[in-house]
Amino acid sequence: MPFPQDRLRRLRATAGFRRLVRETRLSVDNLIAPFFVMEGRDVRQPIGAMPGQWRVSVDHLIKDAGEVHALGVPAILLFGIPARKDELGSEAWAPDGIVPRAVRAVKDTVPDVMVITDVCVDEYTTHGHCGIVKDGQVVNDETLACLQKMALSHARAGADMVAPSDMMDGRIGAIRQALDGEGFSQVPILAYAAKFASCLYAPFREAADSTPKFGDRQSYQMDPANLREALREIELDIQEGADIVMIKPALPYLDVVHAARQAFNRPIAAYQVSGEYSMIKAAAQLGWLDERRAMLETLLAIHRAGADLILTYFAKEAARALHE
Ligand code: PBG
(Lines give C-alpha, C1' and ligand atoms only; values in the text may rest on other atoms or scores of the structure.)
Protein backbone atom coordinates (compact mmCIF):
# COMPACT_ATOMS: atom_id res chain seq x y z
CA MET A 1 0.00 0.00 0.00
CA PRO A 2 2.09 2.91 -1.21
CA PHE A 3 1.60 6.64 -0.71
CA PRO A 4 -0.88 8.28 -0.28
CA GLN A 5 -2.53 5.41 1.69
CA ASP A 6 0.58 4.55 3.60
CA ARG A 7 2.15 7.38 5.52
CA LEU A 8 4.96 6.44 7.88
CA ARG A 9 4.84 9.93 9.38
CA ARG A 10 1.53 9.09 11.10
CA LEU A 11 3.30 7.16 13.84
CA ARG A 12 5.99 9.81 14.22
CA ALA A 13 3.58 12.64 14.87
CA THR A 14 3.60 12.61 18.67
CA ALA A 15 5.96 11.65 21.44
CA GLY A 16 3.35 9.13 22.59
CA PHE A 17 3.23 7.32 19.24
CA ARG A 18 7.00 7.39 19.00
CA ARG A 19 7.24 5.75 22.42
CA LEU A 20 4.73 3.08 21.45
CA VAL A 21 6.54 2.02 18.29
CA ARG A 22 10.14 2.41 19.47
CA GLU A 23 12.01 -0.78 18.59
CA THR A 24 15.14 -0.48 20.69
CA ARG A 25 15.72 0.85 24.16
CA LEU A 26 18.99 1.59 25.77
CA SER A 27 19.12 0.55 29.39
CA VAL A 28 21.56 1.19 32.18
CA ASP A 29 21.58 -2.61 32.55
CA ASN A 30 23.65 -2.84 29.35
CA LEU A 31 26.47 -0.57 30.49
CA ILE A 32 29.96 -1.31 31.78
CA ALA A 33 32.17 1.52 33.04
CA PRO A 34 35.96 1.29 32.48
CA PHE A 35 38.38 2.74 35.06
CA PHE A 36 42.13 3.30 35.20
CA VAL A 37 43.63 2.52 38.58
CA MET A 38 47.14 3.40 39.72
CA GLU A 39 49.39 3.36 42.77
CA GLY A 40 49.36 5.98 45.49
CA ARG A 41 46.83 7.62 47.78
CA ASP A 42 44.43 10.42 46.97
CA VAL A 43 45.54 10.48 43.33
CA ARG A 44 43.16 11.73 40.65
CA GLN A 45 45.02 12.61 37.44
CA PRO A 46 43.01 13.92 34.53
CA ILE A 47 43.59 12.19 31.18
CA GLY A 48 44.25 14.95 28.68
CA ALA A 49 42.63 13.39 25.63
CA MET A 50 39.68 12.01 27.60
CA PRO A 51 37.95 14.91 29.36
CA GLY A 52 35.97 13.63 32.34
CA GLN A 53 38.18 10.53 32.79
CA TRP A 54 40.95 10.12 35.35
CA ARG A 55 43.65 7.82 36.55
CA VAL A 56 42.80 7.21 40.15
CA SER A 57 44.32 5.54 43.17
CA VAL A 58 42.38 2.76 44.87
CA ASP A 59 40.78 5.06 47.48
CA HIS A 60 39.23 7.15 44.71
CA LEU A 61 38.32 4.10 42.65
CA ILE A 62 36.13 2.90 45.50
CA LYS A 63 34.24 6.19 45.46
CA ASP A 64 33.86 6.14 41.68
CA ALA A 65 32.70 2.52 41.71
CA GLY A 66 30.18 3.40 44.41
CA GLU A 67 28.94 6.29 42.31
CA VAL A 68 28.36 4.30 39.13
CA HIS A 69 26.80 1.51 41.17
CA ALA A 70 24.40 3.98 42.78
CA LEU A 71 23.40 5.05 39.27
CA GLY A 72 22.52 1.46 38.45
CA VAL A 73 25.52 0.57 36.27
CA PRO A 74 25.98 -3.15 36.93
CA ALA A 75 29.67 -3.56 36.18
CA ILE A 76 33.06 -1.89 35.99
CA LEU A 77 36.15 -2.83 33.97
CA LEU A 78 39.57 -2.26 35.54
CA PHE A 79 42.82 -1.31 33.81
CA GLY A 80 45.90 -1.24 35.99
CA ILE A 81 48.77 1.20 35.69
CA PRO A 82 51.69 -0.28 37.62
CA ALA A 83 54.40 1.72 39.35
CA ARG A 84 57.04 -0.45 37.70
CA LYS A 85 57.22 -1.88 34.17
CA ASP A 86 59.65 -4.48 32.87
CA GLU A 87 60.40 -6.42 29.71
CA LEU A 88 58.00 -9.28 30.59
CA GLY A 89 55.35 -7.23 32.33
CA SER A 90 55.74 -9.27 35.50
CA GLU A 91 53.78 -6.80 37.64
CA ALA A 92 50.77 -7.95 35.64
CA TRP A 93 50.50 -11.16 37.68
CA ALA A 94 51.87 -9.97 41.02
CA PRO A 95 49.44 -11.24 43.69
CA ASP A 96 49.48 -7.84 45.37
CA GLY A 97 49.68 -5.90 42.10
CA ILE A 98 47.56 -2.85 41.48
CA VAL A 99 44.59 -4.69 39.94
CA PRO A 100 44.26 -7.44 42.58
CA ARG A 101 44.40 -4.77 45.29
CA ALA A 102 41.82 -2.67 43.47
CA VAL A 103 39.55 -5.69 43.00
CA ARG A 104 39.69 -6.55 46.71
CA ALA A 105 39.02 -2.97 47.73
CA VAL A 106 36.01 -2.62 45.42
CA LYS A 107 34.56 -6.00 46.38
CA ASP A 108 34.98 -5.07 50.06
CA THR A 109 33.21 -1.73 49.78
CA VAL A 110 30.79 -2.10 46.85
CA PRO A 111 30.24 -5.87 46.78
CA ASP A 112 27.31 -5.78 44.38
CA VAL A 113 29.13 -4.12 41.52
CA MET A 114 30.51 -6.71 39.10
CA VAL A 115 34.24 -6.28 38.71
CA ILE A 116 35.72 -7.24 35.35
CA THR A 117 39.46 -7.07 34.80
CA ASP A 118 41.35 -6.43 31.58
CA VAL A 119 43.86 -9.21 31.03
CA CYS A 120 46.75 -8.01 28.85
CA VAL A 121 50.34 -7.13 29.62
CA ASP A 122 50.75 -3.98 27.52
CA GLU A 123 50.32 -1.60 30.45
CA TYR A 124 53.01 -3.54 32.32
CA THR A 125 55.73 -3.97 29.69
CA THR A 126 58.50 -1.46 28.99
CA HIS A 127 58.06 -1.99 25.23
CA GLY A 128 54.27 -1.53 25.43
CA HIS A 129 53.36 -4.66 23.43
CA CYS A 130 50.63 -7.10 24.45
CA GLY A 131 52.99 -10.04 24.86
CA ILE A 132 56.54 -11.27 25.28
CA VAL A 133 58.92 -9.84 22.69
CA LYS A 134 61.70 -11.95 21.21
CA ASP A 135 63.88 -10.72 18.34
CA GLY A 136 61.47 -7.88 17.75
CA GLN A 137 58.45 -10.21 17.47
CA VAL A 138 55.54 -10.65 19.87
CA VAL A 139 55.68 -14.38 20.53
CA ASN A 140 52.36 -16.11 20.94
CA ASP A 141 52.70 -19.29 22.98
CA GLU A 142 55.09 -17.96 25.62
CA THR A 143 52.67 -15.08 26.19
CA LEU A 144 49.84 -17.49 27.02
CA ALA A 145 51.53 -18.49 30.28
CA CYS A 146 51.68 -14.82 31.32
CA LEU A 147 48.00 -14.35 30.56
CA GLN A 148 47.12 -17.46 32.57
CA LYS A 149 49.02 -16.15 35.59
CA MET A 150 47.48 -12.73 35.21
CA ALA A 151 43.92 -14.03 34.96
CA LEU A 152 44.49 -16.26 37.99
CA SER A 153 45.82 -13.38 40.08
CA HIS A 154 42.65 -11.45 39.29
CA ALA A 155 40.37 -14.40 40.02
CA ARG A 156 42.13 -15.03 43.34
CA ALA A 157 41.52 -11.39 44.27
CA GLY A 158 37.81 -11.87 43.64
CA ALA A 159 37.28 -10.59 40.09
CA ASP A 160 33.81 -11.54 38.87
CA MET A 161 34.94 -11.92 35.25
CA VAL A 162 38.20 -11.66 33.30
CA ALA A 163 38.51 -9.96 29.93
CA PRO A 164 41.56 -10.88 27.82
CA SER A 165 42.35 -8.11 25.31
CA ASP A 166 45.69 -9.26 23.90
CA MET A 167 44.59 -11.08 20.71
CA MET A 168 47.08 -13.96 21.07
CA ASP A 169 45.89 -17.19 19.45
CA GLY A 170 44.63 -19.78 21.89
CA ARG A 171 44.41 -17.48 24.89
CA ILE A 172 40.79 -18.16 25.75
CA GLY A 173 41.37 -21.90 25.97
CA ALA A 174 44.57 -21.36 27.95
CA ILE A 175 42.89 -19.02 30.43
CA ARG A 176 39.83 -21.26 30.76
CA GLN A 177 42.08 -24.21 31.55
CA ALA A 178 44.07 -22.24 34.12
CA LEU A 179 40.94 -20.96 35.85
CA ASP A 180 39.30 -24.39 35.93
CA GLY A 181 42.49 -25.97 37.23
CA GLU A 182 42.57 -23.64 40.22
CA GLY A 183 38.92 -23.90 41.21
CA PHE A 184 37.59 -20.89 39.30
CA SER A 185 35.31 -22.72 36.91
CA GLN A 186 32.55 -20.24 37.83
CA VAL A 187 34.50 -17.19 36.63
CA PRO A 188 33.35 -16.31 33.11
CA ILE A 189 35.53 -14.98 30.30
CA LEU A 190 34.60 -11.87 28.35
CA ALA A 191 36.76 -12.25 25.24
CA TYR A 192 37.88 -9.24 23.27
CA ALA A 193 37.23 -11.56 20.34
CA ALA A 194 37.34 -9.25 17.34
CA LYS A 195 39.70 -6.48 18.30
CA PHE A 196 40.79 -4.38 15.37
CA ALA A 197 44.14 -2.57 14.99
CA SER A 198 42.47 0.81 15.32
CA CYS A 199 43.73 4.39 15.57
CA LEU A 200 40.90 4.94 18.04
CA TYR A 201 42.88 3.51 20.98
CA ALA A 202 45.26 6.49 21.00
CA PRO A 203 43.70 8.33 23.96
CA PHE A 204 43.69 5.08 25.97
CA ARG A 205 47.39 4.63 25.32
CA GLU A 206 48.00 8.07 26.77
CA ALA A 207 45.89 7.09 29.78
CA ALA A 208 47.61 3.74 30.29
CA ASP A 209 51.03 4.83 29.02
CA SER A 210 51.02 1.79 26.74
CA THR A 211 52.00 3.06 23.29
CA PRO A 212 54.30 0.44 21.71
CA LYS A 213 57.90 1.69 21.78
CA PHE A 214 58.57 0.06 18.38
CA GLY A 215 56.36 -1.15 15.58
CA ASP A 216 52.59 -1.41 15.95
CA ARG A 217 49.97 -4.00 16.90
CA GLN A 218 49.06 -5.16 13.39
CA SER A 219 50.66 -8.59 13.83
CA TYR A 220 48.10 -9.47 16.51
CA GLN A 221 45.14 -7.08 16.31
CA MET A 222 42.85 -7.43 13.31
CA ASP A 223 42.90 -5.71 9.95
CA PRO A 224 39.99 -3.21 9.92
CA ALA A 225 39.14 -4.46 6.44
CA ASN A 226 38.14 -7.96 7.55
CA LEU A 227 34.62 -8.98 8.50
CA ARG A 228 34.80 -12.71 7.74
CA GLU A 229 37.99 -13.05 9.73
CA ALA A 230 36.29 -11.29 12.65
CA LEU A 231 33.61 -13.97 12.63
CA ARG A 232 36.31 -16.65 12.67
CA GLU A 233 37.97 -14.98 15.66
CA ILE A 234 34.65 -14.94 17.48
CA GLU A 235 33.88 -18.53 16.55
CA LEU A 236 37.26 -19.73 17.82
CA ASP A 237 36.91 -17.84 21.09
CA ILE A 238 33.49 -19.43 21.62
CA GLN A 239 34.92 -22.87 20.89
CA GLU A 240 37.70 -22.21 23.39
CA GLY A 241 35.19 -21.29 26.07
CA ALA A 242 34.41 -17.58 25.87
CA ASP A 243 31.17 -16.76 27.71
CA ILE A 244 30.73 -13.32 26.15
CA VAL A 245 32.37 -12.13 22.94
CA MET A 246 33.31 -8.54 22.28
CA ILE A 247 33.79 -6.44 19.18
CA LYS A 248 36.04 -3.43 19.47
CA PRO A 249 35.90 -0.54 18.56
CA ALA A 250 32.13 -0.21 18.32
CA LEU A 251 30.68 2.48 16.07
CA PRO A 252 32.91 1.97 13.00
CA TYR A 253 32.35 -1.80 13.28
CA LEU A 254 28.58 -2.05 13.65
CA ASP A 255 28.46 -4.40 10.67
CA VAL A 256 30.63 -6.81 12.65
CA VAL A 257 28.38 -6.45 15.70
CA HIS A 258 25.35 -7.12 13.56
CA ALA A 259 26.88 -10.11 11.78
CA ALA A 260 28.00 -11.57 15.11
CA ARG A 261 24.51 -11.10 16.53
CA GLN A 262 23.08 -13.06 13.57
CA ALA A 263 25.67 -15.82 13.68
CA PHE A 264 26.11 -16.61 17.39
CA ASN A 265 23.75 -17.32 20.24
CA ARG A 266 26.03 -15.76 22.81
CA PRO A 267 25.94 -12.48 24.64
CA ILE A 268 27.67 -9.92 22.43
CA ALA A 269 29.54 -6.95 23.84
CA ALA A 270 30.88 -3.88 22.05
CA TYR A 271 33.49 -1.45 23.33
CA GLN A 272 32.96 2.23 22.59
CA VAL A 273 36.68 2.94 22.87
CA SER A 274 38.63 5.94 24.03
CA GLY A 275 38.85 7.57 20.60
CA GLU A 276 35.11 7.28 20.07
CA TYR A 277 34.61 9.01 23.41
CA SER A 278 37.23 11.67 22.69
CA MET A 279 35.76 12.53 19.29
CA ILE A 280 32.40 13.28 20.84
CA LYS A 281 33.94 15.20 23.73
CA ALA A 282 36.12 17.28 21.41
CA ALA A 283 33.31 18.14 19.01
CA ALA A 284 31.10 19.06 21.96
CA GLN A 285 33.78 21.29 23.46
CA LEU A 286 34.00 23.12 20.14
CA GLY A 287 30.26 23.55 20.15
CA TRP A 288 29.90 21.39 17.04
CA LEU A 289 27.78 18.60 18.58
CA ASP A 290 25.31 18.24 21.41
CA GLU A 291 27.27 15.92 23.67
CA ARG A 292 24.31 14.35 25.44
CA ARG A 293 22.53 13.56 22.19
CA ALA A 294 25.67 12.27 20.50
CA MET A 295 26.32 10.01 23.47
CA LEU A 296 22.81 8.58 23.56
CA GLU A 297 22.52 8.21 19.79
CA THR A 298 25.81 6.35 19.42
CA LEU A 299 25.07 4.05 22.38
CA LEU A 300 21.61 3.32 21.03
CA ALA A 301 23.07 2.54 17.59
CA ILE A 302 25.55 0.10 19.13
CA HIS A 303 22.71 -1.60 21.00
CA ARG A 304 20.45 -1.66 17.92
CA ALA A 305 23.20 -3.29 15.86
CA GLY A 306 23.13 -6.19 18.31
CA ALA A 307 25.34 -5.49 21.31
CA ASP A 308 23.83 -6.71 24.57
CA LEU A 309 26.59 -5.15 26.64
CA ILE A 310 28.32 -1.84 25.96
CA LEU A 311 31.60 -0.82 27.51
CA THR A 312 31.72 2.97 27.49
CA TYR A 313 33.48 5.84 29.21
CA PHE A 314 30.09 7.56 29.07
CA ALA A 315 28.57 4.96 31.42
CA LYS A 316 28.05 7.38 34.29
CA GLU A 317 26.69 10.21 32.16
CA ALA A 318 24.52 7.83 30.16
CA ALA A 319 23.12 6.29 33.33
CA ARG A 320 22.22 9.78 34.57
CA ALA A 321 20.59 10.66 31.26
CA LEU A 322 18.63 7.41 31.21
CA HIS A 323 17.27 8.12 34.70
CA GLU A 324 15.99 11.57 33.70
C1 PBG B 1 45.00 -3.51 25.73
C2 PBG B 1 43.78 -2.66 25.57
C3 PBG B 1 43.67 -1.50 24.80
C4 PBG B 1 42.36 -1.06 24.98
C5 PBG B 1 41.73 -1.92 25.83
N6 PBG B 1 42.63 -2.94 26.18
C7 PBG B 1 44.67 -0.74 24.05
C8 PBG B 1 45.33 -1.26 22.88
O9 PBG B 1 45.05 -2.32 22.35
O10 PBG B 1 46.22 -0.53 22.46
C11 PBG B 1 41.80 0.17 24.32
C12 PBG B 1 40.60 0.73 24.98
C13 PBG B 1 40.26 2.09 24.52
O14 PBG B 1 40.83 2.65 23.58
O15 PBG B 1 39.36 2.65 25.14
N16 PBG B 1 45.25 -3.77 27.08
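The values are calculated or read from the model by the stated rules, or taken from the named source; none is laboratory data. Since this is a predicted model, take the numbers as computed values, not measurements. Quick reminder, even Gly has a Cβ in these numbers, built from the backbone with ideal geometry, and neighbours come from all protein chains shown. Protein only, heavy atoms only, side chains kept; ligands, DNA and RNA dropped before computing areas. Shrake-Rupley method; radii C 1.70, N 1.55, O 1.52, S 1.80 Å.
Tallying residues that are open to solvent by less than 90 Å² (accessible area, probe 1.4 Å), farther than 17 Å from M246 by Cβ and not in a helix (DSSP H, G or I) within region 286-309 yields 3. Here is the figure for region 233-247: residues that are surrounded by 14 or more Cβ atoms within 10 Å (Cβ to Cβ) and in a helix (DSSP H, G or I) total 7. For region 109-149, the set of residues classified as of a type outside the set (V, I, T), in contact with a His (Cβ under 7 Å, 6 or more places away or on another chain) and more than 10 Å from the ligand (Cβ to nearest atom) consists of D112 only. Restricting attention to region 22-40, does a residue exist that is assigned to a helix (DSSP H, G or I) and open to solvent by less than 30 Å² (accessible area, probe 1.4 Å)? Yes: one or more hits.
Would you point out the residue of region 266-285, among those that are farther than 21 Å from R205 by Cα and in contact (Cβ under 8 Å) with a residue 60 or more places away in the chain, that is farthest from the ligand (Cβ to nearest atom)?
Among those that are farther than 21 Å from R205 by Cα and in contact (Cβ under 8 Å) with a residue 60 or more places away in the chain, it is Q285.
Out of the residues in region 77-92 that are over 24 Å from R176 (Cα atoms) and assigned to a loop (DSSP other than H, G, I, E, B), state the one that is least open to solvent (accessible area, probe 1.4 Å).
Once the filter is applied, the top-ranked residue is P82.
Mind checking whether some residue in region 4-15 is over 24 Å from T126 (Cα atoms) and open to solvent by less than 40 Å² (accessible area, probe 1.4 Å)? No, there is no match, as no residue in region 4-15 is over 24 Å from T126 (Cα atoms) and open to solvent by less than 40 Å² (accessible area, probe 1.4 Å). Residues that are farther than 30 Å from E235 by Cα and open to solvent by less than 50 Å² (accessible area, probe 1.4 Å) within region 248-281 comprise S278, I280, K281, listed in sequence order.
Of the residues making up region 93-116, those that are in contact with a Pro (Cβ under 9 Å, 6 or more places away or on another chain), free of Cβ contacts under 8 Å to residues at least 60 places away in the same chain and open to solvent by less than 10 Å² (accessible area, probe 1.4 Å) are G97, V113.
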